[in-house]
Each structure stands twice: as C-alpha cells, then as structure tokens.
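Novice: There's a structure below that I have some questions on.
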Amino acid sequence: MRRVIVALGVLTCLPGRASPAGADLAPLHTWQRVESPHFHVLGDAGAGALRRAAERMEQLHLLLESLGPSDRRAPDTTVLVFRDRTSYRPFLPIYNGAVHEVGGYFQPGPMNYITMIGSLDGADHSVALHEYVHLVINRTLGDAPSWLGEGLAEFYSTVDIANRGQAVRVGDVPPHHVNTLRRGQMPVGALVRVTRDSPDYNERERSTVFYAQSWALVHYLQLGNGRAYTAAFPRFVEALAAGTPFAQACEEILGVAPDTLDAQIRRYVARPGFPTATLPLPAPLREMERLDATPVAEASVHAVLGDLLRLLDGRPDARAHLERALELDATESLALGTLALLNADAGRLDEAERLATRPAGSPTFLSEYYRAMALDALTTDPAAVAPLIEAALRESVRLNPTFAEAHVELSRHLDQREEARDEAMQLVRRAIALAPVRDDYRLQLARLHLLARDTSQARVVLDPLAERGSSDRIRAGAREYLTTALEIDLARIEPPAAPPAARESGPGPEESGGGPPPPSNPPGTAPDPPGGPAPPAYVLQLRPVRAGERQVFGTWSFIECIRGNAVTLVARVGGRDLRLRAARMASVDFVSYRAGGAPAVGCGPQRPIPVLVTYRPGASGSTAGEAVAIEFMPPDYRPR
C-alpha cells in the first residue's frame with residue numbers, strides 16, 4: 001500500500017526528519033475525544049469537526065461491509081483531526097527532506113491511524129479514505145488482485161455525505177482519471193494481469209493509467225450499464241479473491257466475455273458524464289451529533305502522537321513526544337510501552353527493560369502489547385523475562401479479546417510448553433476467526449499440530465498454503481513445514497540414529513519423544529520463545545561476538561538486492577523483521593552448522609531456517625545496523 005501513495009502523488013509512511021534535540025513542544029490542552037462504534041476520533045479541531053469526521057468514517061465503514069464479512073474486532077483505528085495546517089504540519093510526512101503537504105494520510109500499525117484537517121472538505125480526505133479502504137479489503141478479502149484493490153479504493157475514496165447526513169453518495173469522479181483514460185487506455189486483459197511487481201504498478205507514468213483504468217472498471221461494474229452488474233458484483237469480488245481466473249468469473253458470474261466488457265468500458269469512459277448512487281443510511285448514523293466529546297489529558301495526546309511518529313518509519317521526533325508524556329504523567333501506559341519498544345528497536349536494551357517493567361497506570365491492550373514486544377527483544381536473560389512477556393500478552397488479550405495479534409503472540413510463547421499447548425491452539429484458532437485472511441496465523445496453527453506430532457491435521461492446514469498462500473514467504477514456510485511433517489512420519493517407521501556426540505552427552509531425538517525436533521518457525525512467525533526445549537547436547541564452535549557487535553537468534557527470511565552490490569538482509573527476530581545493510585554480499589560472513597552445508601544464498605525469499613545474526617548496531621533508514629555474520633543453525637538449536 002505504500003507504493004500506492006506514490007502513484008497517487010501523495011506520499012505517506014516515508015522516512016521522517018527529526019525535530020531539533022530538546023525542542024519545546026507546543027502545549028496540547030485543547031484536545032478532545034469522540035468514540036464512535038468503529039473509531040477513536042481525537043483532535044484539537046473542536047467537537048463539531050470530530051463528530052463530522054466520525055460520521056464520514058462510519059459511513060464509509062458501513063458501505064465497505066458489503067465487500068465481505070463484518071469485522072468483529074473492537075475499534076483499532078484512531079482518527080486524528082487537526083484544527084488547521086499549523087497544528088497539522090509537525091505530523092505531516094517528510095519526503096526528500098521536505099514536509100509533504102497533504103490533506104490526510106493513513107498509517108497502518110497495531111493501532112491504525114488516519115490523519116486529516118478538520119476544516120477541509122471531503123475531497124481533501126480522499127487519500128486517507130483510499131488507504132482505509134485498503135485496510136478493510138485486506139481484512140475481508142485478503143490478497144485481492146491489484147486492479148481490484150486499487151479500483152475499489154479509488155471508487156470509495158470519493159464517498160460524500162448526502163441528504164443532510166441521512167444518506168451517502170458514491171461514484172463521484174476523480175477528474176484526473178477521466179482525463180488520463182481519454183488520452184489512452186489499457187486493455188482489460190492486460191489490466192487484470194498487473195501485479196505489485198509489474199512496471200505498470202510501480203513506474204509513475206504507467207501506474208497513472210493503471211489506477212485510472214482500475215477505477216473505471218470498478219465504477220462500471222458498480223454503477224454502469226444501467227447497473228446491469230451491480231447485484232452480481234459482490235459474488236464476482238469474492239470469486240476473484242478466492243483465486244478464480246478473471247475470464248472465468250466474468251463469464252460465469254457477470255455473464256459477459258472479457259473482450260465484450262473491454263469494449264463496453266471504452267464506450268463508458270468516452271461518455272460526457274458518469275452516474276452516482278445515493279444510498280440511505282441506518283438510523284444510528286444519523287445521530288452522530290449526540291456523541292459526547294470529552295477532554296483528553298495532555299500526556300495521553302503526546303503518547304498517541306509519539307506512537308504515530310514512531311510508525312512513520314521511526315521518526316526521531318517520536319521520542320520527544322513520548323518523553324514529554326512521561327514528564328507530565330510518569331505512569332502514562334501507552335508512552336511507557338511505546339518508548340520501551342522504541343528503545344528496543346534502537347538496541348538500547350537496558351532502557352527498554354527499565355521502561356517495560358515500570359508500573360503503568362490504566363494499561364491498554366496496545367500498551368501491554370508494546371511492552372511484551374519490547375521485553376521479547378531482550379537477549380541477556382530470556383528465561384527471566386518470559387513470565388513478564390506472557391503476563392503482558394495475557395493482559396492485552398483480556399483488555400481487547402478481539403486483538404488477533406496478541407492472541408497469536410501469546411500462542412507462540414506457550415507452544416513449547418506441552419501442558420499449555422491446548423491453550424496455544426485455542427488462542428491461534430481464535431485469531432484466525434478474527435482475521436481469517438492472515439495466512440501467517442494458519443502457519444502457527446500448523447506448527448502446533450506438528451509439535452503435537454499430528455501430521456494429518458498439519459497437512460490439512462499446510463497443503464492449501466503451499467499451493468496458494470498469500471505470499472512467497474507463506475508458501476515457502478508451508479513447504480518447510482510439509483517437509484517436517486514427512487520427517488515425523490518417516491521417523492515413526494524407522495527412528496533415526498542419534499549423532500554419537502548426542503549419545504555421549506544426552507538423549508537423542510528418539511529418546512526424548514521420537515521423531516525430528518520441533519519445527520523451526522517459517523517466515524512471518526516469531527522464533528521459538530524463551531523457555532523452550534533444552535539446547536542440543538552437542539557443542540558448536542560458534543563465531544565469537546566481538547566488541548561493538550550484537551548477536552540475536554531468529555529465522556532467516558529475505559535478501560533485498562539494492563543498487564550496485566548493496567544488499568539488505570532480513571531475519572525474523574522477536575516477532576519483527578530485523579533489517580541489516582551490507583555494502584556487498586561478500587562482506588558478510590556466512591557460516592553453516594547444518595548437515596549438507598550452507599543453503600543457497602541469493603536475492604529474494606530465503607529458506608526459513610534458524611540463524612544467529614551478528615551485526616554492528618547503527619540505525620540508518622529502515623535498517624538497524626551493519627550485518628557482520630549469518631550462522632545457519634541446526635533445526636534443534638536453541639540459544640543458551
């Protein structure tokens with residue numbers, strides 16, 4: 001979705017520019033809060049502007065429910081409404097060192113943020129609406145075809161209030177799309193083959209046509225041709241999201257051949273005007289003016305703004321807001337959790353631990369989740385912090401039983417304890433019910449089946465993921481787990497002989513339960529939690545960690561090849577991606593302790609195997625430091 005914004009000419013989620021160290025922050029005494037059914041709305045724009053923003057977002061949410069099953073999660077989107085550009089400017093995206101003047105933007109995260117100016121009209125909020133549509137599409141449809149996701153986002157980005165708030169109008173036309181299409185169009189057959197890696201999606205001149213054509217196709221199927229396709233459109237969308245080929249879905253559901261549809265759209269775009277639709281809204285949305293606007297403590301405002309800036313690619317000015325929040329209220333829970341996580345990400349582990357273990361007042365599901373993630377990054381004494389991580393995740397789940405990510409993280413922390421494995425299974429099943437399109441959650445379910453040596457149930461989960469998982473990383477992870485399932489089944493027939501060193505020092509695999517060791521974590525999951533199985537009995541001669549270096553244990557994930565010989569190495573550590581830079585591949589020391597030697601190393605997704613990662617800390621851009629060594633570990637290795 002971040003590339004989406006580039007194509008629209010509005011940039012979000014971009015590297016920030018730091019405020020001067022120790023800069024004074026403007027007092028934030030006038031902020032208020034309005035709670036609507038699906039959004040937290042905060043701002044200094046006044047109660048009326050907050051209610052209008054809540055109304056617009058609720059109307060859009062209502063419309064989007066028609067795209068898929070209703071979202072059963074508690075509100076996890078905060079709308080920030082600023083009174084004017086002066087108030088908004090410190091929180092605008094930065095691009096090429098300059099503030100990028102936009103009317104609104106969307107920033108995803110554990111708490112999703114939408115920002116806007118309360119004094120602007122609906123057209124200026126189209127980017128924020130566009131990106132919120134992507135959030136809902138991802139939750140309800142999963143990895144929808146590129147044209148469908150962008151077409152729906154553009155179609156609904158122009159939603160507007162009608163009939164004095166009693167209805168909503170859809171279908172308003174972005175003029176720049178029409179002008180683009182009248183200069184030249186992309187055939188529908190070519191449009192539906194565009195992926196997120198295609199030049200038509202990424203190169204600015206070509207993507208302009210792609211976005212315009214995607215909007216036109218969705219607009220036509222929703223409102224064109226006398227609404228001939230309107231009734232069938234939801235089934236058409238579901239079929240495409242499930243992987244049905246475009247031509248087949250057109251003929252079987254819409255009753256039209258793709259070539260005929262292409263000709264119809266060309267005539268549609270050439271016409272002088274486009275239809276709109278006015279849809280009545282249910283009674284509850286006509287009463288937004290009755291929502292109470294309550295004051296927000298200044299410390300809480302700074303905490304929220306600090307979290308927003310942290311998500312904006314780690315903006316350095318996030319720290320100033322979080323520290324100011326704690327000056328005003330030393331127990332502000334969101335500020336404590338966010339600042340702890342900020343320090344953990346920067347490698348300041350002592351400070352992260354101090355903040356994560358400080359008593360907090362009125363904890364929230366988000367503050368507890370951040371606290372757990374910060375503690376999970378600590379490497380000095382994993383066994384000591386494991387109970388604290390578990391307690392924080394349990395509190396996050398209790399405070400928000402619909403926060404799927406906390407359920408999965410808690411499941412990962414419990415899955416190595418046999419007595420807790422049933423609970424771990426219940427947690428991940430609950431997360432899948434809350435977020436049915438998250439294939440990485442299904443990989444965790446398969447992992448639990450494999451830990452229980454239930455290979456038949458594991459295959460029920462893994463076979464579809466290996467064939468049509470939502471990403472290369474998911475498919476690779478599923479194939480890795482299928483290999484583990486085969487090894488478990490073979491071990492039942494003929495248990496493998498333990499290595500001699502293992503027999504001298506401790507029980508081999510067959511003596512401690514039979515079969516191969518528990519599966520390593522595939523892409524998209526956390527490494528084995530603290531308190532897992534004992535380390536292998538054999539002793540490895542590991543590369544020593546030298547002065548100025550840091551070492552972490554994780555799962556090998558991805559290599560991004562950049563300009564020239566530069567690369568970015570990615571490993572999954574503590575539930576997050578650790579990204580490290582290297583001037584060239586040859587500057588990194590790759591060592592293998594695995595049977596068969598080191599895996600092939602090249603650009604793109606990597607085999608998801610356990611690794612020890614050594615690096616020199618020093619954040620730059622999206623990387624946390626310079627890669628020094630990658631050591632490929634045996635499947636049963638656990639750090640001491």
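The values are calculated or read from the model by the stated rules, or taken from the named source; none is laboratory data. In this text, all values refer to a predicted model and were calculated from it rather than measured experimentally. When we count neighbours, we look across all protein chains shown, and the Cβ atoms used for this are built from the backbone with ideal geometry, even at glycine. Surface accessibility is based on the protein's heavy atoms, side chains included, excluding ligands, DNA and RNA. Shrake-Rupley method; radii C 1.70, N 1.55, O 1.52, S 1.80 Å.
Novice: Subtracting the Cα-Cα distance from 0.36 nm times the residue separation, let me have the gained length for Arg290 to Arg543 in nm, one decimal. Intermediate values should be presented prior to the final figure.
Specialist: Details: separation 253, 0.36 × 253 = 91.08 nm, distance 6.49 nm.
Contour length minus the Cα-Cα distance gives 84.6 nm.
Novice: Suppose the chain between Arg429 and Asp589 were pulled fully straight at 0.36 nm per residue; how much longer would it get relative to their current alpha carbon spacing?
Specialist: Working: separation 160, 0.36 × 160 = 57.60 nm, distance 4.00 nm.
Taking Arg429 through Asp589 to full extension adds about 53.6 nm, to one decimal.
Novice: Between the alpha-carbon centers of the stretch 307-357 and the stretch 415-489, tell me the distance in whole angstrom.
Specialist: 34
Novice: What net charge is computed for the residues neighbouring Ser587, neighbours being all others with C-beta under 13 Å from the C-beta of Ser587, Lys and Arg scored +1, Asp and Glu -1?
Specialist: +1
Novice: Quick check: residue separation of Ala452 and His176 times 0.36 nm, minus the Cα distance between them. What number comes out in nm? Can you show the working numbers first?
Specialist: Numbers: separation 276, 0.36 × 276 = 99.36 nm, distance 5.68 nm.
Additional length available on full extension: 93.7 nm.
Novice: Add +1 for every Lys or Arg and -1 for every Asp or Glu among the other residues with Cβ under 14 Å from the Cβ of Gly361, and state the total.
Specialist: Details: positive: Arg358, Arg371; negative: Asp329, Glu332, Glu368, Glu395.
Combined, the nearby Lys, Arg, Asp and Glu give -2.
Novice: Of Ser198, Ser470, which has the most accessible area with a 1.4 Å probe, and how do the rest follow in descending order?
Specialist: Working: Ser198 25, Ser470 50 Å².
Sorted descending by solvent-accessible area, the residues read Ser470, Ser198.
Novice: Taking a ≥ b ≥ c as the square roots of the eigenvalues of the Cα gyration tensor of the stretch 316-415, is the shape rounded (a/c under 1.5), prolate (a/b larger than b/c) or oblate? Write out the running numbers ahead of the final one.
Specialist: Details: a/c = 1.94, a/b = 1.30, b/c = 1.49.
Because a/c hits 1.5 or more and a/b fails to exceed b/c, the stretch 316-415 counts as oblate.
Novice: Of the peptides 326-332, 607-613, how do they stack up when ordered by the mean number of other Cβ atoms within 10 Å, highest first? Could you put the intermediate results ahead of the total?
Specialist: On the way: 326-332: 17.4, 607-613: 23.1.
Answer by packing, highest mean first, reads 607-613, 326-332.
Novice: Which number comes out as Rg/Rh for the stretch 369-474 once both Rg and the Kirkwood Rh are worked out on C-alpha atoms? It would help to have the intermediate numbers written out before the result.
Specialist: On the way: Rg = 14.2 Å, Rh = 14.4 Å.
Radius of gyration over Kirkwood radius for the stretch 369-474 works out to 0.99.
Novice: Please work out how much accessible surface Met186 shows to a 1.4 Å probe, ignoring ligands, DNA and RNA, in Å² rounded to 10.
Specialist: Approximately 20 Å² of Met186 is accessible to the 1.4 Å probe.
Novice: Using only the alpha-carbon atoms, what does the stretch 134-181 span along each of its principal axes? Please give whole angstrom values in decreasing order.
Specialist: So the three principal-axis extents are 36, 29, 10 Å.
Novice: OK, next. Quick check on the stretch 255-375: take the gyration tensor over C-alpha atoms, sort the square-rooted eigenvalues as a ≥ b ≥ c, and tell me if it's rounded (a/c under 1.5), prolate or oblate. Write down the numbers at each step before the final one.
Specialist: Details: a/c = 3.50, a/b = 2.06, b/c = 1.70.
Here the stretch 255-375 falls in the prolate category.
Novice: Express in whole angstrom the spacing between the alpha-carbon centres of the stretch 543-557 and the stretch 229-285.
Specialist: Result: 52 Å between the Cα centres.
Novice: Residue by residue, what Karplus-based ³J(HN,Hα) values in Hz, rounded to whole numbers, does the stretch 179-185 have, using 6.51, -1.76 and 1.60 with θ = phi - 60° and x for Gly and Pro?
Specialist: So the J values, rounded to whole Hz, are 4, 5, 5, 6, 8, x, 10.
Novice: What accessible surface, in Å², does a 1.4 Å probe find on Glu419, ignoring ligands, DNA and RNA and rounding to the nearest 10?
Specialist: Near enough 140 Å² of accessible area.
Novice: Still on this model: Accessible area of Asp472, 1.4 Å probe, to the nearest 10 Å²?
Specialist: About 90 Å², ignoring ligands and nucleic acids.
Novice: Can you pull the one-decimal nm distance between simple spin-label points at Ala26 and Thr331, each 7 Å off the Cα toward Cβ?
Specialist: Simple spin-label model gives 3.1 nm for this pair.
Novice: Follow-up question, since we're still on this one. If I take R0 = 30 Å and measure r between the Cβ atoms of Arg85 and Asp577 in this structure, what FRET efficiency does the formula 1/(1 + (r/R0)^6) give, to the nearest 0.05? Provide the component values of the computation, followed by the final result.
Specialist: On the way: r = 34 Å, r/R0 = 1.15.
The computed FRET efficiency comes out at 0.30.
Novice: Report the local net charge at Arg607: Lys and Arg +1, Asp and Glu -1, summed over other residues whose C-beta lies under 14 Å from its C-beta.
Specialist: On the way: positive: Arg473, Arg475, Arg479, Arg572, Arg594; negative: Asp472, Glu480.
Taking every Cβ under 14 Å from that of Arg607, the sum is +3.
Novice: Oh, and also: Quick one, what does Rg over Rh come out to for the stretch 221-280 if you take C-alpha atoms and the Kirkwood Rh? List each step's numbers first, then the result.
Specialist: Working: Rg = 12.4 Å, Rh = 12.4 Å.
Taking Rh as the inverse mean 1/r over Cα pairs, Rg/Rh reads 1.00.
Novice: Shifting gears a bit: Go through His38, His413, His176 and list them by solvent-accessible area, largest first, probe radius 1.4 Å. Mind dumping the intermediate values first?
Specialist: On the way: His38 60, His413 20, His176 105 Å².
Ranking His38, His413, His176 by accessible area, largest first, yields His176, His38, His413.
Novice: Tabulate in residue order the Karplus-calculated ³J(HN,Hα) for the stretch 111-119, using 6.51 cos²θ - 1.76 cosθ + 1.60 with θ = phi - 60°, rounded to whole Hz; enter x for Gly and Pro.
Specialist: Those phi angles translate into 10, 7, 10, 10, 10, 6, 9, x, 8 Hz.
Novice: Calculate the length of the line joining the C-alpha centroid of the stretch 566-640 to that of the stretch 375-396, in whole Å.
Specialist: Taking the Cα centre of each part, the stretch 566-640 and the stretch 375-396 sit 24 Å apart.
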